[in-house]
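Asker: First the structure, then my questions, so here it is.
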Protein chains: 2
Amino acid sequence: MREVAILGIGQIKIGEHWDKSLREIGGEAAFAAMQDAGMDKVDSLYVGNMLSPIVSGQNQLGTFFSDWIGLWKQEAVKVEAACGSGAAAFRAALMAVASGDVESSLVVGVEKMTDKAGRDVTASLATAADADYEVEQGISFVGINALVMRRYMHEFGWKHDDFAPFSINSHANAMHNPYARLHEKLTVERFEKSSMVATPINLMDASPTGDGAAAAIIVPAEKVMRKPKIVVAASAAATDTIAVHSRKDPMFLKAAYESSKRAYEMAGVTPEDIDLFELHDAFSIMAALSLEASGFAERGQGVRLGLDNEISPQGRVPVCTRGGLKARGHPVGATGMYQIVEVVQQLRGECGKTQVDGAMIGMAQNIGGSGATIFTHILKTAA
Amino acid sequence: MREVAILGIGQIKIGEHWDKSLREIGGEAAFAAMQDAGMDKVDSLYVGNMLSPIVSGQNQLGTFFSDWIGLWKQEAVKVEAACGSGAAAFRAALMAVASGDVESSLVVGVEKMTDKAGRDVTASLATAADADYEVEQGISFVGINALVMRRYMHEFGWKHDDFAPFSINSHANAMHNPYARLHEKLTVERFEKSSMVATPINLMDASPTGDGAAAAIIVPAEKVMRKPKIVVAASAAATDTIAVHSRKDPMFLKAAYESSKRAYEMAGVTPEDIDLFELHDAFSIMAALSLEASGFAERGQGVRLGLDNEISPQGRVPVCTRGGLKARGHPVGATGMYQIVEVVQQLRGECGKTQVDGAMIGMAQNIGGSGATIFTHILKTAA
């Protein structure tokens with residue numbers, strides 16, 4: 001398996017792009033990545049997307065975009081793993097380049113969520129859960145996460161505002177990210193006063209959706225002259241049951257544990273070596289669970305990292321350095337690619353006020369469903 | 001890139017399985033493939049599916065099935081390329097095993113189409129076309145193919161019944177395939193008298209949809225002791241514009257030409273070496289176009305192969321030896337995996353009355369959209 005490097009990245013500002021189509025937003029990110037890589041042609045295209053069949057009535061998104069971008073013969077497919085679709089597409093592209101079958105791949109994570117009204121999007125997002133045994137009961141996706149958060153608070157004795165530091169950190173970091181959806185400072189007071197979504201998850205525990213697209217170009221590492229050279233040191237994926245109620249322990253992200261363990265082995269590192277961690281804070285509870293399952297905190301103690309102020313760009317475990325899902329925004333199938341792009345920006349030293357000093361090794365973790373499908377990628381700068 | 005072999009296959013009879021869920025039909029095919037391979041565990045799962053987000057309200061089909069099958073840690077994703085989803089998943093799995101990252105992969109093509117009424121399925125199938133520029137005009141997927149067929153008849157001077165041999169051959173072969181949806185002999189007279197769907201495509205030009213699932217297990221070739229050893233000699237994919245009206249020549253399947261050309265090069269063969277060709281006869285016109293673009297007939301002369309009786313299992317270019325899409329049935333996202341499974345059955349010599357004598361090299365070609373995404377795989381028996 002040959003080593004693979006990320007040569008170019010591109011992204012658009014997350015928001016409600018009523019004036020732009022699915023085609024246009026995905027194309028913008030793709031063209032930006034190609035320009036950044038200095039390439040006008042790639043061998044293959046992998047698109048990560050979750051909702052377009054439902055929200056935009058469009059399937060076959062691989063070819064939909066290869067056509068629009070002007071890759072008129074090259075192969076193209078879509079890879080889907082709910083909110084983990086971005087990283088799923090990245091990993092599939094990685095296998096293709098690593099196998100030697102193709103010499104370059106463009107990966108685009110894209111989601112257009114504003115083409116239908118809010119209620120439809122909530123129903124569409126529920127397709128990530130188990131249609132027969134969860135959704136059939138009338139529960140929404142946020143409702144499932146609320147049950148997990150409530151149980152966690154009960155088991156480990158945390159209060160609701162103990163989760164505030166995760167959201168406050170994400171909002172603070174997003175202030176310096178021009179691509180972020182939200183540029184608003186968050187205080188503990190505002191966190192606590194926010195309207196309830198599904199008890200105990202309120203609006204400030206939950207990430208905002210939006211239209212977004214982020215892209216990267218990967219090539220064999222040996223072909224990259226650009227400095228710093230950013231290589232993929234590890235790529236791992238694991239799954240858990242699709243329904244949360246099927247798990248022996250619903251508060252432990254087994255798939256995060258399995259995929260991060262494998263990633264650490266592949267990269268030859270431990271959690272202490274990770275300079276920053278772009279985790280999947282779709283809800284504040286998920287930030288705590290990711291930190292615990294990935295070896296950064298003991299069981300039930302993920303919240304402590306926030307309370308102890310260890311998660312800022314200057315902290316011991318910087319997370320969501322560009323705003324995370326909470327404030328950069330969560331265009332579901334695109335999120336995994338935003339995380340990859342953001343780790344690259346950190347390793348290139350392009351993050352200004354939220355730059356992690358001397359960042360050499362960064363990790364991204366993208367989650368599909370309620371912990372059902374989890375991808376962990378470790379990127380590092382290479383000599 | 002290491003050589004990959006197909007160790008096990010499984011499939012279910014295509015039909016209207018009102019009594020079985022999406023879970024159950026995919027699981028049946030998967031378990032059959034695992035039993036055939038003599039394996040109770042695999043490293044990874046790739047699911048090919050097109051319609052489940054719309055028809056079954058279920059996304060994240062990779063983990064949905066890894067959970068059901070009992071692969072409780074292993075990675076799993078869904079790959080989608082409209083009706084080419086089955087082969088798309090197969091190719092993605094192939095890259096993963098070929099890269100050395102995983103040692104085995106289960107590929108399941110699955111489609112449940114009877115959970116919604118017919119009208120919804122027609123609308124769902126249209127998501128394979130261009131939502132903004134084709135579907136918006138009110139045209140259905142069969143309507144697009146009808147335009148191509150009409151033009152082809154006009155350009156090359158063929159009558160409607162000249163296409164009958166394709167459907168008659170598929171129906172004749174399906175008689176001997178227990179997994180086929182239709183077991184009905186077809187005559188030219190019945191072909192001509194069938195009700196019109198979208199002029200000039202009538203019911204006997206068009207493949208029936210249905211619920212179906214087909215699966216295969218792939219592993220590194222060096223690990224296979226089973227005889228005959230069936231290896232993947234070539235895997236190639238190519239794309240064209242998503243909308244048919246964007247093509248300079250709508251009657252030439254450029255993506256079939258590109259992917260078959262690459263596949264021939266990879267396998268070191270020519271069309272003359274192919275013992276059987278499982279082509280994508282979603283509509284009879286597509287059989288003719290596939291034969292032409294893949295080098296078996298001159299432009300406008302694909303129809304001639306049927307009229308000259310060259311396409312039967314005893315002919316020079318056997319096609320659709322198990323019934324093809326026309327009579328085995330076309331559960332859209334599963335079709336590509338049925339084709340792979342059928343080529344394996346031929347190379348194993350398990351096809352009884354439709355066995356191609358001494359078959360050593362077989363080709364499968366799976367098409368997403370109206371020729372937009374095309375996958376060509378060549379399998380062969382190895383020493």
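Asker: Please go through region B:115-138 and pick out each residue that is surrounded by 17 or more Cβ atoms within 10 Å (Cβ to Cβ) and either in contact (Cβ under 8 Å) with a residue 24 or more places away in the chain or of a type in the set (Val, Ile, Thr) (or both).
Answerer: Within region B:115-138, B:Asp115, B:Val121, B:Ser124, B:Leu125, B:Thr127, B:Ala128, B:Ala129, B:Asp130, B:Glu134, B:Val135 qualify.
Asker: Go through region B:369-383 and report how many residues are touching a Ser or Thr at 6+ places or on another chain (Cβ under 7 Å) and either of a type outside the set (Ser, Thr, Tyr) or assigned to a loop (DSSP other than H, G, I, E, B) (or both).
Answerer: 5
Asker: From the residues in region B:139-163 that are in contact (Cβ under 8 Å) with a residue 24 or more places away in the chain and within 14 Å of chain A (Cβ to nearest Cβ), which one is farthest from B:Ala287 (Cα to Cα)?
Answerer: Here the residue is B:Ser140.
Asker: Checking A:Met50 against (1) more than 7 Å from every other protein chain (Cβ to nearest Cβ); (2) in contact (Cβ under 8 Å) with a residue 12 or more places away in the chain; (3) not polar (S, T, N, Q), only one condition comes out false. Which one?
Answerer: (1)
Asker: Considering each of A:Leu182, A:Leu186 in turn, give the residue that is out of contact with any Gly (no Cβ under 8 Å at 6 or more places or on another chain), under 17 Å from A:Arg328 (Cβ atoms) and not in a helix (DSSP H, G or I).
Answerer: A:Leu186
Asker: Given the conditions (1) touching a residue at least 60 places away in the same chain (Cβ under 8 Å); (2) farther than 22 Å from A:Val332 by Cα, which single one is not true for A:Glu272?
Answerer: Going through the list (1) touching a residue at least 60 places away in the same chain (Cβ under 8 Å); (2) farther than 22 Å from A:Val332 by Cα, A:Glu272 breaks only (1).
Asker: Filter region B:343-383 down to the residues that are within 14 Å of another protein chain (Cβ to nearest Cβ) and over 13 Å from the mean Cα position of the chain (by Cα), then identify the one that is modelled with the highest pLDDT.
Answerer: In this case the residue turns out to be B:Ala372.
Asker: Quick check on A:Val102: is it touching a residue at least 12 places away in the same chain (Cβ under 8 Å), assigned to a loop (DSSP other than H, G, I, E, B) and among the β-branched types (Val, Ile, Thr)?
Answerer: Considered against the rule, which asks whether it is touching a residue at least 12 places away in the same chain (Cβ under 8 Å), assigned to a loop (DSSP other than H, G, I, E, B) and among the β-branched types (Val, Ile, Thr), A:Val102 comes out as yes.
Asker: Taking the condition surrounded by fewer than 24 Cβ atoms within 10 Å (Cβ to Cβ) and not in a helix (DSSP H, G or I), does B:Lys41 pass?
Answerer: yes
Asker: May I pose another question? Name every residue in region A:138-159 that is closer than 19 Å to A:Leu325 by Cβ and either among the hydrophobic types (A, V, I, L, M, F, W, C) or part of a helix (DSSP H, G or I) (or both), in order of residue number.
Answerer: A:Phe141, A:Val142, A:Gly143, A:Ile144, A:Asn145, A:Ala146, A:Val148, A:Met149, A:Tyr152
Asker: Checking A:Asp67 against (1) within 8 Å of chain B (Cβ to nearest Cβ); (2) under 20 Å from B:Ala76 (Cβ atoms): exactly one of these is not met. Which one?
Answerer: So A:Asp67 meets the others, but not (2).
Asker: Of the numbered conditions (1) more than 7 Å from chain A (Cβ to nearest Cβ); (2) closer than 20 Å to A:His245 by Cβ; (3) crowded, with 24+ Cβ neighbours inside 10 Å, B:Gln60 fails exactly one; give the number of that condition.
Answerer: The single condition B:Gln60 does not satisfy is (1).
Asker: Looking at region B:72-110, which of the residues that are of a type in the set (A, V, I, L, M, F, W, C) and touching a Leu at 6+ places or on another chain (Cβ under 6 Å) is nearest to the other protein chains (Cβ to nearest Cβ)?
Answerer: By that ranking, first place goes to B:Ala76.
Asker: Among the numbered criteria (1) part of a loop (DSSP other than H, G, I, E, B); (2) crowded, with 20+ Cβ neighbours inside 10 Å; (3) not small (Gly, Ala, Ser), which single criterion is violated by A:Ile218?
Answerer: Every condition holds for A:Ile218 apart from (1).
Asker: When you look at A:Ala234, is it within 14 Å of chain B (Cβ to nearest Cβ) and more than 30 Å from B:Arg23 (Cβ to Cβ), yes or no?
Answerer: Spelling it out, A:Ala234 is indeed within 14 Å of chain B (Cβ to nearest Cβ) and more than 30 Å from B:Arg23 (Cβ to Cβ).
Asker: Right, next: At pLDDT 95 or above and assigned to a helix (DSSP H, G or I) - does that describe any residue in region A:73-80?
Answerer: no
Asker: For the subset of region B:24-47 comprising residues that are of a type in the set (Asp, Glu) and within 19 Å of A:Thr239 (Cα to Cα), which member is nearest to the other protein chains (Cβ to nearest Cβ)?
Answerer: Out of the qualifying residues, it is B:Asp43.
The values are calculated or read from the model by the stated rules, or taken from the named source; none is laboratory data. If you're wondering where the values come from, they're calculated on a predicted model, not measured in any experiment. Neighbour counts run over all protein chains shown; Cβ positions are idealised from the backbone, glycine included.
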